[in-house]
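Take a look at the structure below.
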Amino acid sequence: MLKALDAPMAESQFPRKAKMAISVVLIVAGFAMYWGWGIIYGSWNVFEKEYIGVYSIVVVLIGFGLLGLLLSLREQKE
């Protein structure tokens, strides 16, 4: 059991280009949702109380997209 803990970690089999593509799609989806919601409902104020749930989803989409992109680029340097 302890030998398994000392073993080196296996490399990820998920291609780096796929990670980057998913990250870019998340960023684009976040901005598209922001623009779409703003155009349809005329709500460009992120801090407006009635639309805070929608913008929290936008922040999560863009945040995960940026995080994935940064991790993909960091992986490329190593």
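What follows is calculated from the coordinates using simple rules that are stated; it is not laboratory data. It should be emphasised that the depicted structure is a prediction, and the values quoted were computed from it without experimental measurement. All Cβ positions, glycine included, derive from the backbone under ideal geometry; neighbour counts span all protein chains shown.
Data overview
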{"read-out": "Linear extension gain, V46 paired with A21, 0.36 nm per residue minus alpha-carbon span", "value": "6.3 nm"}
{"read-out": "Neighbour-count ranking [beta-carbon atoms within 10 angstrom, fewest first] of Y41, Y55", "value": "Y41, Y55"}
